[in-house]
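Inspection log for the structure reproduced underneath, given as structure tokens.
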Amino acid sequence: MKYQRWLPNLLAAWFMMAAVNVHAADKPLKVVTTLSTFADLVKTIGGDHVDVSAIASPKFNAHFIEPKPSDVVKVQRADLFLHAGLDLELWRGPLLDAAGNTRLFAGQPGELDLSQGIPLLEVPTGAVSRSQGDIHIYGNPHYWVDPENAIIMAKAIAAKLSALDPDHAAAYDERMRAWTRQLSQRIEVWRQAARAIRGHELVAYHNEWPYLLNFLGLHAEQFLEPKPGIPPTPKQVQFLERYMKERHIRGIIQSTYFPKDAAGTLAKRTGATVVLLCQSVGEVPHASDYIAMTDYNIQQLTHALGGT
Ligand SMILES: [Zn+2]
């Protein structure tokens, strides 16, 4: 009978599919990212070939998100899990364990740790510990706000999408190249804008800006949080008041989602301006995509520090 000839072939094909979990070329790759910024980059590079969603709302501190049961289901069904690495998402391990999708575990084909390949800042040289509440123990994990790092990230995303979905590799490569060209042009504009404000020192709420500040020739040495992840104390506000007056610091920067009272008090006492910046795409309406977010951040800084 005929089926006796094709049945073994069909079974063999099915086993091969199951073994390597081949992505069906006609269906979009299901991508789950931790942050909305990463989802934006995946959408930009993947276009219609990806179906992407982010776990963390841009309206909250990404270190301390509590994933919902629906997020666990999303991760169970995903082909690719994309994250910041280091200790940015303190909730990442428990979420992956709950979902139990082993293809997305660290080092597996369905995982992309975007910190790989990024020149990290503030990497500790000695022993690391969380003894004082520190949540940046592997180096500063907020690297994606530097647009030059976004080029590295875009290339890593295109390579990973191509590996999982080789049929559309040329499309991913083309979209990545188009976007990084556009971003590189903006980088030149931003560098020009930064000339007018170079050298300023700022105070920040959480230590999440060294990459963007480096890019712009600015810096922050002191923070409202006495340690990353530890809320401001009256003692720290007092210390910063003296520090800022001595050094004539004119700006206090923070993400939109942190409480604003400590920065407000400090601004009143020192005459400095509170500058609200975005860590994530979608944090404010202006930050509608990666380039718009970076435009917004740089405009906020140049406006506050007297640039153009
Ligand atoms: Zn942080």
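Per the Kirkwood treatment, what hydrodynamic radius in Å, one decimal, follows for the stretch 154-308 from the mean inverse distance over all distinct Cα pairs?
Details: mean 1/r = 0.0584 Å⁻¹.
One decimal place: 17.1 Å for the Kirkwood radius.
Compute, for the chain, the length of the dipole vector about the Cα centre, with Cβ point charges of +1 (Lys, Arg) and -1 (Asp, Glu) only. Units Debye, rounded to 20.
On the way: 30 positive and 31 negative charges, 49 e Å.
My answer is approximately 240 debye.
Could you pull out the GluC sites (Glu not before Pro) across the stretch 204-246 that fall in loop regions by DSSP (anything but H, G, I, E, B) with no more than 10 other Cβ atoms inside 10 Å?
Values: sites: Glu208, Glu221, Glu241, Glu246; in loops: Glu208.
Hits after loop and neighbour filter: nothing returned.
Taking amide H atoms as placed 1.01 Å from N in the peptide plane, list the residues 5 or more away in sequence, or in a different chain, whose amide H sits under 5 Å from that of Gly139.
Those qualifying (amide H under 5 Å, at least 5 residues apart or on another chain) number zero.
Under the Kirkwood approximation for Rh and a Cα-based Rg, what ratio Rg/Rh is obtained for the chain? Present the calculation step by step, with values, prior to reporting the outcome.
Details: Rg = 22.2 Å, Rh = 21.1 Å.
Expressed as Rg/Rh, it is 1.05.
On full extension of the chain, what length is gained from Asp26 through Ala127, given 0.36 nm per residue of separation minus the C-alpha to C-alpha distance? Can you show the working numbers first?
Numbers: separation 101, 0.36 × 101 = 36.36 nm, distance 4.89 nm.
Difference between extended and current length: 31.5 nm.
Provide the per-residue ³J(HN,Hα) series for the stretch 106-122, in order, calculated from phi with Karplus coefficients 6.51, -1.76, 1.60 and θ = phi - 60°, each as a whole number of Hz, with x at glycine and proline positions.
3, x, 8, x, x, 10, 9, 9, 6, 6, 5, x, 8, x, 7, 9, 6
What residue among Pro94, Pro109, Pro141 shows peak mean-square fluctuation when the chain is described by a Gaussian network model with Cα springs under 10 Å?
Residue with maximal mean-square fluctuation among Pro94, Pro109, Pro141: Pro94.
Compare the Cα positions of Cys278, Ala204, Ala292 along the charge dipole of the stretch 199-305 (+1 at Cβ of Lys, Arg; -1 at Cβ of Asp, Glu; about the Cα centre) and return the one farthest towards the positive end.
Among Cys278, Ala204, Ala292, the one farthest towards the positive end of the dipole of the stretch 199-305 is Ala204.
For the stretch 34-58, list residues with backbone N below 18 Å from a point placed 7 Å from the Cα of Lys155 toward its Cβ?
Flagged as within label range: 41-42, 45-46.
Quick one: of Lys59/Lys227; Lys74/Lys155; Lys68/Lys235; Lys68/Lys268, which pairs are farther than 31 Å apart, Cα to Cα?
Values: Lys59/Lys227 22 Å; Lys74/Lys155 25 Å; Lys68/Lys235 36 Å; Lys68/Lys268 39 Å.
Violating the 31 Å Cα-Cα cut-off are Lys68/Lys235; Lys68/Lys268.
Farthest toward the dipole's positive end in the stretch 49-180, which of Asn140, Val50, Ser162, given Cβ charges of +1 (Lys, Arg) and -1 (Asp, Glu) about the Cα centre?
Val50
Taking amide H positions as placed in the peptide plane 1.01 Å from N, state which residues far from Glu111 in sequence (5 or more) or on other chains have amide H under 5 Å from it.
Phe81
Can you tell me how much longer the chain between Asp173 and Phe60 gets when fully stretched, taken as 0.36 nm per residue apart minus their C-alpha distance, in nm with one decimal?
Values: separation 113, 0.36 × 113 = 40.68 nm, distance 3.24 nm.
In short, 37.4 nm is gained.
Enumerate the amide H contacts of Leu218 below 5 Å, restricted to partners 5 or more residues apart or on another chain; note that Pro and chain-start residues carry no placed amide H.
Result for Leu218 returns Gly199.
If you wrap a convex hull around the C-alpha atoms of the stretch 100-155 and split its volume per residue, what is the figure in Å³? Each step should come with its number before you reach the end.
Working: hull volume 7.2 nm³, N = 56.
Given the Cα convex hull of the stretch 100-155, per-residue volume reads 129 Å³.
Between Ala99, Ala204, Ala54, which gets the highest mean-square fluctuation from a Gaussian network model of the chain, Cα cutoff 10 Å?
Between Ala99, Ala204, Ala54, it is Ala99 that shows the largest mean-square fluctuation.
Treating the stretch 109-198 as a set of equal point scatterers at the Cα positions, no solvent, please give the Debye-formula log₁₀ I(q)/I(0) at q = 0.26 Å⁻¹.
So the normalised log intensities are -1.24.
Comparing Ser70, Ser184, Ser36, which has the greatest mean-square fluctuation in the GNM of the chain with Cα pairs linked when under 10 Å apart?
Evaluated over the chain, the most mobile residue of the options is Ser70.
In degrees between 0 and 90, to the nearest 10, how far off the longest principal axis of the chain does helix 290-305 point, with axes built from Cα atoms?
Once rounded, one gets 0 degrees.
Bear in mind these aren't lab numbers, they're just calculated from the coordinates by the rules spelled out. Remember, predicted model here, so these are calculated numbers, not experimental data. Positions of Cβ are backbone-derived with ideal geometry, glycine not excepted, and every protein chain shown enters the neighbour counts.
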